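Data block below; observations after.
Read the figures in this text as sums done on the coordinates, not as results from a lab. From a predicted model like this one, the values you see are computed outputs, not experimental measurements. With ideal geometry, Cβ positions are generated from the backbone for all residues, glycine too; neighbour counts draw on all protein chains shown.
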Amino acid sequence: MPRRRSTEPAYFAAVNAITIAIDGYSSCGKSTLAKQLAAHLGYTYIDSGAMYRAVALFVMENGLAPGGTLDRAGLLRALDGIDIRFQHDPMTGHSATWLNGRNVEQEIRGMAVSQHVTLVSPVPEVRAKLVRLQQELGAGKGVVMDGRDIGTVVFPDAEVKLFMTARPEVRAERRYQELLQKGIDADRESVIANIAQRDLDDTTRAADPLRKADDAIVIDNSDISAEEQFRRALEAVADVLARVGHE
């Protein structure tokens, strides 16, 4: 008697690997959702935002943003020498961001780096370099990647595209509480201002601005739990995997 195939998404994910692209505004829980989906499906999680944060950290450490103004020429001269990788961290059990041979996962999560990300993320040459790296990392499918332009630029043919949003005040409070829980010094007004600035920069930059892909599924998580968010996302993934599995 033939074995009955499982109807679980993880079964179809293992047999028919796809690409899941998650885009959206800052502090919308994109990374949390991406990690949940990757763990459930046995996929690789790639944090594209960490790459931009790593470049921002490089800029800070090398004096390329004196007085809060980017030394664009200096950054472009150094760009080829910026190496960003992801490696498993046995201490946390998760993937960690490495910059030029050093684990910078904790350093890139602070407010100072967040403020410098808005300087480097609009630079077309930086975006081109990181998009190439992201496409290489996801070439074999079976990946979940989150960011600002994953479904529109990096993987426009991704089988599943999700677009995350929430009210600005909700996102700012989440970010503020997250920083406090990590022991990072921050004040609420600075976090609110940073969220507003990042939204403006993300949606108005000339190179690859944040926008919803035409075929993306919108999830507004202003008033829903993380569990409900995951359920909605998994349903969208399961629908696609079931179709792929029966083609």
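³J(HN,Hα) across the range 190-196 via Karplus (A = 6.51, B = -1.76, C = 1.60, θ = phi - 60°), whole Hz, x for Gly/Pro?
Working through the residues one at a time gives 5, 5, 4, 5, 5, 4, 4 Hz.
Over the alpha-carbon set of the range 197-247, work out the extent along each principal axis and list the three values in angstrom, largest first.
Projected onto the principal axes, the Cα atoms of the range 197-247 cover 42, 30, 11 Å.
Counting other beta carbons within 10 Å of each residue's own, what order do ASP214, ASP199 fall into, fewest first? Mind dumping the intermediate values first?
Values: ASP214 8, ASP199 16.
Arranged by neighbour count, lowest to highest, ASP214, ASP199 become ASP214, ASP199.
Got a sec? Which residues in the range 20-39 would a label at GLN177 touch, if it sits 7 Å along Cα→Cβ and we count backbone N under 11 Å?
Residues passing the 11 Å test: none.
What are the ³J(HN,Hα) couplings of the range 118-124, residue after residue, when phi is run through the Karplus curve with 6.51, -1.76, 1.60 and θ = phi - 60°? Round to Hz, x for glycine and proline.
Using θ = phi - 60°, the values come out as 5, 7, 8, 5, x, 6, x Hz.
Around ALA158, what is the net charge, scoring Lys/Arg as +1 and Asp/Glu as -1 over all other residues with Cβ under 12 Å from its Cβ?
Summing Lys/Arg as +1 and Asp/Glu as -1 gives -4.
Please turn the phi angles of the range 73-81 into ³J(HN,Hα) values with the Karplus equation 6.51 cos²θ - 1.76 cosθ + 1.60 (θ = phi - 60°), one per residue in order, whole Hz, x for glycine and proline.
Values, residue by residue: 4, x, 5, 5, 5, 8, 4, 5, x Hz.
Among ALA206, VAL218, LEU130, which residue has its Cα positioned farthest towards the positive end of the charge dipole of the range 130-232, with +1 placed on the Cβ of Lys and Arg, -1 on the Cβ of Asp and Glu, and the dipole taken about the Cα centre?
LEU130
Multiply the residue gap between THR92 and LEU200 by 0.36 nm, knock off their C-alpha separation, and tell me the result in nm, one decimal place.
Gain on extension, THR92 to LEU200, equals 35.5 nm.
Mind giving me the nanometre distance, one decimal, between the label points for GLU228 and ALA139, set 7 Å out from Cα along Cα→Cβ?
Spacing of the two 7 Å Cα→Cβ label points: 4.2 nm.
What does the charge add up to near ILE224, with Lys and Arg as +1, Asp and Glu as -1, over the other residues with Cβ less than 11 Å from its Cβ?
Net of charged neighbours comes to -2.
Take the alpha-carbon centre of the range 176-198, take the same for the range 113-166, and report the distance between them in whole Å.
23 Å
As a test of the formula, what do you get for the chain when each DSSP H run with n ≥ 4 contributes -39,500 (n - 2.57) and the sum is divided by the residue count, at 222 nm and rounded to the nearest 500 deg cm²/dmol?
Details: 9 runs with 115 residues, N = 247.
Rounded to the nearest 500, it is -14500 deg cm²/dmol.
Compute the semi-axes of the equivalent ellipsoid of the chain, taking the square root of 5 times each eigenvalue of the Cα gyration tensor, and list them largest first in whole Å.
Sorted largest first and rounded, they come to 31, 20, 17 Å.
Please compute the modelled spin-label separation between GLU235 and ARG188, points set 7 Å along Cα→Cβ, answer in nm with one decimal.
So the two model labels end up 3.4 nm from each other.
Among the listed pairs LYS35/LYS182; LYS182/LYS212; LYS161/LYS182; LYS129/LYS182, which have their C-alpha atoms separated by more than 28 angstrom in this model?
Listed pairs above 28 Å: LYS182/LYS212; LYS161/LYS182; LYS129/LYS182.
Relative to the first principal axis of the alpha-carbon coordinates of the chain, what is the inclination of helix 168-181, with its axis defined by its Cα atoms, in degrees from 0 to 90 and to the nearest 10?
80 degrees
What FRET efficiency do you get for ASP220 and ARG77 if R0 is 45 Å and r is their Cβ-Cβ distance, rounded to the nearest 0.05?
Rounded to the nearest 0.05, the efficiency is 0.60.
DSSP beta bridges in the chain, what fraction antiparallel, as a percent rounded to 5? Could you put the intermediate results ahead of the total?
Values: 8 of 26 bridges.
Counting only bridges with both partners in the chain, antiparallel ones make up about 30 percent.
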